[in-house]
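*Asks:* Sharing a structure, written as structure tokens. Questions coming.
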Number of protein chains: 2
Amino acid sequence: MDRREFHAVALAGVLAAMTASARATSQTQAPDELHDMSEFPASWTRADRIAMVLYPGFTALDLVGPQYMFGNLMGATVDLVAETMAPVESDTKLSILPTRTFDDCARELDLLFVPGGGQGTLAAMSNERLIDFVADRGARAGLVTSVCTGSLVLGQAGLLRGYRATSHWVALSLLSDFGATPVNARVVEDRNRITGAGVSAGLDMGLRIVARMRDREYAEAVQLLAEYAPQPPFNAGSPATASPKLVAMTETMFVGLLEQMRAVSKHAR
Amino acid sequence: MDRREFHAVALAGVLAAMTASARATSQTQAPDELHDMSEFPASWTRADRIAMVLYPGFTALDLVGPQYMFGNLMGATVDLVAETMAPVESDTKLSILPTRTFDDCARELDLLFVPGGGQGTLAAMSNERLIDFVADRGARAGLVTSVCTGSLVLGQAGLLRGYRATSHWVALSLLSDFGATPVNARVVEDRNRITGAGVSAGLDMGLRIVARMRDREYAEAVQLLAEYAPQPPFNAGSPATASPKLVAMTETMFVGLLEQMRAVSKHAR
């Protein structure tokens, strides 16, 4: 197919899930070729098995940025996996329903994702059932991924030993406790490990994963759909640009939590 | 207080909620002044009543970006409000639990927020109970806000008549059907109406709202906590920078939905 068709097909694929019902009931039909999924190249649709881990106290935005991107992968199944089917409350009191338990989750995954958090992540690092699950599925998953302090959970499960990785800036140095090499970057890809920096880095990471699981045109279509052309109103999003006092204070506030995480990391796999 | 104390206190306030439990159990105590909430200036803590509307088919990322920011406002109550207490499923199949029903929600709000979506937003625009709720609370709320096509719901409730506003780029022109002036901008503030562009614009809007409800230092602390220093891997997040074919195709795909929304808008308040 030529480049023009390529673009048309890519976008149609990305939007299919969101607009399927609209098109089904619409009186104005889009061109026929956009309706017939059989005309999409086989590579646009793939039955990826994606599992995103939920635990009490996780940071919802860590998870929902990538979940938006993964949710637009044609053919993929995106499960939210937790210890039980009970709602899981985030650190900002947003409760999300799991779709699978650890026991019910597919054993062979194309992608495993772990979000970060504060006190909740410390508890997750000490939760043997959760660490067992992450270690087991992560050992065979196509991609092993995290945002923010989710990388400490991957580390606790022994999945970052010998890998370059990142985390929330305040927790970055802890990665070396797990045998990983801390890298100060927005997203770090080392073989099949993909880790994002703090919280909002999940949007950047999610798009890079879409490009890796499909291709760049697909990822650009998702970016356009998300209108992801960020304009932060201030320039304080990184310790390199925020006021030094703000940075120092944030570090001070997390001293206790990080010390507890460091203690737990002595029992890492 | 001098500027140095100002910064210290601001950040302590922002992080209080997230690190309270960590500090309570930590063996390493942060400096005492960070623990005593009574030392915060009164303006850092305010019992804001915030209501974020949930409806079936909403886009979770529209809501969770701002919810992260609002969830870090010391003293605020952030309710997720829906028609019933049943879980509400997003367009990417993420189910969130409401914390209040429309009937139970506080009548006087400091902030009302409405997320966008696709087919679900069309249904919300025709849901009289939802539009009644938005029109009633919005008439008296301190700030009336939306992300993405959530502005069409505000418009349907008659809340944007005579106001400048924005929406997802693909739906922007519809705002004039509600007597609003469409503005092609990431975030539009007109008196107490604050509207964000598509999906990811909620992060930028959320920070601007934090600055407005507290002040700039507070918002910068939240930005640093969210590590919001975005690095989109591609440059396709706006119709001005994406490939023209990608833009045209997205527009084509939404023709049917927008036509249905335009028909519903004839019944706007």
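*Asks:* When the residues of region A:92-104 are filtered to those that are more than 14 Å from every other protein chain (Cβ to nearest Cβ) and under 19 Å from B:Lys93 (Cβ atoms), which remaining residue is surrounded by the most Cβ atoms within 10 Å (Cβ to Cβ)?
*Replies:* Restricting attention to region A:92-104, the residues satisfying the condition of being more than 14 Å from every other protein chain (Cβ to nearest Cβ) are A:101-104.
Restricting the remaining residues to those that are under 19 Å from B:Lys93 (Cβ atoms) gives A:101, A:104.
Details: A:Thr101: 16, A:Asp104: 11.
Filtering region A:92-104 for residues that are more than 14 Å from every other protein chain (Cβ to nearest Cβ) and under 19 Å from B:Lys93 (Cβ atoms), the one surrounded by the most Cβ atoms within 10 Å (Cβ to Cβ) comes out as A:Thr101.
*Asks:* Please state which one of A:Ser95, A:Ser90 is of a type in the set (Ser, Thr, Tyr) and under 20 Å from A:Ile131 (Cα atoms). Talk me through it step by step, then tell me what you get.
*Replies:* Details: A:Ser95 fails: under 20 Å from A:Ile131 (Cα atoms).
Among A:Ser95, A:Ser90, only A:Ser90 is of a type in the set (Ser, Thr, Tyr) and under 20 Å from A:Ile131 (Cα atoms).
*Asks:* Take A:Arg107 and tell me if it is without any contact (Cβ under 8 Å) to a residue 40 or more places away in the chain, more than 10 Å from chain B (Cβ to nearest Cβ), over 26 Å from A:Trp169 (Cα atoms) and out of contact with any His (no Cβ under 7 Å at 6 or more places or on another chain). I'd like the intermediate steps shown before the answer.
*Replies:* On the way: without any contact (Cβ under 8 Å) to a residue 40 or more places away in the chain: yes; more than 10 Å from chain B (Cβ to nearest Cβ): yes; over 26 Å from A:Trp169 (Cα atoms): yes; out of contact with any His (no Cβ under 7 Å at 6 or more places or on another chain): yes.
Yes.
*Asks:* Suppose we keep only residues that are among the polar types (S, T, N, Q) and open to solvent by 10 Å² or more (accessible area, probe 1.4 Å) within region B:217-264. Which one would you say is modelled with the lowest pLDDT?
*Replies:* Filtering region B:217-264 for residues among the polar types (S, T, N, Q) gives B:223, B:231, B:235, B:238, B:241, B:243, B:250, B:252, B:260.
Checking the rest, the ones that are also open to solvent by 10 Å² or more (accessible area, probe 1.4 Å) come to B:231, B:235, B:238, B:241, B:243, B:252, B:260.
Working: B:Gln231: 98, B:Asn235: 98, B:Ser238: 98, B:Thr241: 97, B:Ser243: 94, B:Thr252: 90, B:Gln260: 97.
Applying the filter and picking the extreme gives B:Thr252.
*Asks:* So which residues in region A:122-164 are of a type in the set (Val, Ile, Thr), farther than 14 Å from A:Asp190 by Cα and crowded, with 23+ Cβ neighbours inside 10 Å?
*Replies:* In the first step, residues of region A:122-164 are kept if they are of a type in the set (Val, Ile, Thr); the result is A:131, A:134, A:144-145, A:147, A:149, A:153.
Checking which are farther than 14 Å from A:Asp190 by Cα leaves us with A:131, A:134, A:147, A:149, A:153.
A:Val134, A:Val147, A:Thr149, A:Val153 - these are the residues of region A:122-164 that are of a type in the set (Val, Ile, Thr), farther than 14 Å from A:Asp190 by Cα and crowded, with 23+ Cβ neighbours inside 10 Å.
*Asks:* Can you work out which of the residues in region A:167-186 that are within 13 Å of another protein chain (Cβ to nearest Cβ) and farther than 18 Å from A:Met52 by Cα is surrounded by the most Cβ atoms within 10 Å (Cβ to Cβ)?
*Replies:* Of all residues in region A:167-186, those within 13 Å of another protein chain (Cβ to nearest Cβ) come to A:167-172, A:184-186.
Now restrict to residues that are farther than 18 Å from A:Met52 by Cα: A:168-172, A:184-186.
Numbers: A:His168: 28, A:Trp169: 23, A:Val170: 23, A:Ala171: 24, A:Leu172: 20, A:Asn184: 13, A:Ala185: 16, A:Arg186: 20.
Going through the qualifying residues, I end up with A:His168.
*Asks:* Which of (1) modelled with pLDDT of 95 or more; (2) open to solvent by 10 Å² or more (accessible area, probe 1.4 Å) is the odd one out, the single condition B:Leu207 does not satisfy?
*Replies:* For B:Leu207, the failing item is (2).
*Asks:* If I go through region B:226-254 residue by residue, how many of them are part of a helix (DSSP H, G or I), facing chain A (nearest Cβ under 7 Å) and touching a residue at least 12 places away in the same chain (Cβ under 8 Å)?
*Replies:* Summing the residues that are part of a helix (DSSP H, G or I), facing chain A (nearest Cβ under 7 Å) and touching a residue at least 12 places away in the same chain (Cβ under 8 Å) in region B:226-254 gives 1.
*Asks:* Check region A:233-249 and report whether any residue there is over 22 Å from the mean Cα position of the chain (by Cα) and closer than 22 Å to A:Gly120 by Cα.
*Replies:* yes
*Asks:* Among the listed residues A:Thr145, A:Thr181, identify the single one that is among the polar types (S, T, N, Q) and closer than 30 Å to B:Cys148 by Cα.
*Replies:* Numbers: A:Thr181 fails: closer than 30 Å to B:Cys148 by Cα.
From the options A:Thr145, A:Thr181, the qualifying one is A:Thr145.
The values are calculated or read from the model by the stated rules, or taken from the named source; none is laboratory data. Predicted model, so just to flag it, every value in this text is computed and none were measured. Virtual Cβ from ideal backbone geometry, glycine too; neighbours counted across all protein chains shown. The area values use the complete protein model at the heavy-atom level, side chains included, leaving out ligands, DNA and RNA. Shrake-Rupley method; radii C 1.70, N 1.55, O 1.52, S 1.80 Å.
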